[in-house]
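The values are calculated or read from the model by the stated rules, or taken from the named source; none is laboratory data. Note that the structure is predicted; figures quoted are calculated from it, not measured. Note that we place each Cβ from the backbone using ideal geometry, even for glycine, and neighbour counts take in every protein chain shown. With ligands, DNA and RNA removed, areas are computed over all heavy atoms of the protein, side chains included. Shrake-Rupley method; radii C 1.70, N 1.55, O 1.52, S 1.80 Å.
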Amino acid sequence: MKKLCDVQNIDFWYNKNTPEERKVLNDISFSIGKNEIVGILGKNGCGKSTLLNIISGFNVPQQGSVFIKEKSIYKDGRQTKNFSIKERAKTISYIQQKTLTIPAYYQVEDFILEGRRPFRRFGLYNEQDYLMLGATMRECNLNHFNNRFVNELSGGEQQRCIFARELMKGADLFLFDEPCSAMDIKYQKDFFTIAKNIKNKNGNSIIITIHDINLAVQNCDRIILLDNGHVLYDGPSKEIPCESLSVAFGVNVSLSNNSESMYLYY
């Protein structure tokens, strides 16, 4: 299987060699192929967001290597120059946990169209861009928001707009940091429906950090479970052991005997 993302032996400290030194990731290794939804699962503070920041190029690990489409972003703990910022923007879409400040003048269609900016000089969009805009808005169920301002929408609707804008890049790899944390049940379901459709249609891969066991098991193809900076489990979501979940979350986790969907309660 050709690797879309390859993470090798990553170590990461905050404030290394100071009294506040804290090691967050310890010898993390995994690879992502095409057409996968991978959940990075674990309790708060286990290193999930830091790991996404490393894959995206925002944080430089002290040790280890990261390859995207066989080109190194980091090698042996050092940043390389194999990926330009523009090329990275076309290959990786990263939607961070922090709320994006959206200027009041942005209408929905203009905001989403901004996703094509890395491909167009001076923001001169062409007919293909506008056709892609229409298709993406329909795919994300946003076409009825034409001429609405983004900051008038609910939090879940704004999240869909952000997702749609990133889809406009046509990236191979999508990184989402806790995308469902501020969503109600309906928008959580909508988000994963769109994510699965995109994966199945285009063969993209999606990495999602998540701390909700039920959401991860029901919607991800694969789960990487983190515990104190280590990989405790990496495999099919439906096969994750309750014992591993109990260790990672520090509570008793068990299967519901009354559901074929493997609902977990804790």
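Just a few scattered comments:
- Of all residues in the range 104-142, those being open to solvent by less than 70 Å² (accessible area, probe 1.4 Å), not in a loop (DSSP other than H, G, I, E, B) and not hydrophobic (A, V, I, L, M, F, W, C) number 11.
- Any hit, the range 122-132, residues being touching a helix residue (DSSP H, G or I) at 6+ places or on another chain (Cβ under 8 Å) and either within 26 Å of L51 (Cα to Cα) or polar (S, T, N, Q) (or both): no
- Check on T193, β-branched (V, I, T) and either free of Cβ contacts under 8 Å to residues at least 12 places away in the same chain or open to solvent by 10 Å² or more (accessible area, probe 1.4 Å) (or both): yes
- Within the range 168-188, the set of residues being touching a Cys at 6+ places or on another chain (Cβ under 7 Å) and of a type in the set (A, V, I, L, M) comprises L173 only.
- Single unsatisfied condition, S65 versus (1) open to solvent by 80 Å² or more (accessible area, probe 1.4 Å); (2) more than 23 Å from I198 (Cβ to Cβ): (1)
- The lone exception for G123 - which of (1) of a type in the set (G, A, S); (2) farther than 27 Å from G57 by Cβ; (3) modelled with pLDDT under 90 it fails: (2)
- Restricting the range 246-266 to residues that are out of contact with any strand residue (DSSP E or B) (no Cβ under 7 Å at 6 or more places or on another chain) and closer than 25 Å to I32 by Cα, the residue that is modelled with the highest pLDDT: F249
- Residues considered: I102, I73, I85, I92. Of these, the only one that is under 19 Å from the mean Cα position of the chain (by Cα) and farther than 21 Å from I208 by Cα is I85.
- The condition of being open to solvent by 40 Å² or more (accessible area, probe 1.4 Å) and either under 23 Å from G203 (Cβ atoms) or of a type in the set (K, R) (or both) holds for N35.
Yes/no per residue for (1) assigned to a strand (DSSP E or B); (2) open to solvent by less than 60 Å² (accessible area, probe 1.4 Å):
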| site | (1), (2) |
| --- | --- |
| N9 | yes, no |
| N17 | no, no |
| K23 | yes, no |
| D27 | yes, no |
| S31 | yes, yes |
| T50 | no, yes |
| F83 | no, yes |
| K90 | no, no |
| T101 | no, no |
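- Some residue of the range 39-53 being under 15 Å from the mean Cα position of the chain (by Cα) and without any contact (Cβ under 8 Å) to a residue 24 or more places away in the chain: yes
- Test: residue in the range 167-182 that is crowded, with 20+ Cβ neighbours inside 10 Å and farther than 27 Å from L215 by Cα: no
- Any chance N202 is open to solvent by 40 Å² or more (accessible area, probe 1.4 Å), over 23 Å from D11 (Cβ atoms) and over 16 Å from the mean Cα position of the chain (by Cα): yes
- Residue pairs meeting the criteria (Cβ under 7 Å; at least 6 apart or on separate chains; first in contact (Cβ under 8 Å) with a residue 24 or more places away in the chain and at positive phi, in the range 216-232; second basic (K, R) and assigned to a strand (DSSP E or B)): G229/K23
- D172 acidic (D, E) and under 20 Å from K90 (Cα atoms): yes
- In the range 222-244, the qualifying residues are those that are acidic (D, E) and not in a helix (DSSP H, G or I), and the one that is surrounded by the most Cβ atoms within 10 Å (Cβ to Cβ) is D227.
- Taking the numbered list (1) modelled with pLDDT of 90 or more; (2) touching a strand residue (DSSP E or B) at 6+ places or on another chain (Cβ under 7 Å); (3) exposed (fewer than 14 other Cβ atoms within 10 Å of the Cβ) in turn, N147 passes all entries but (1).
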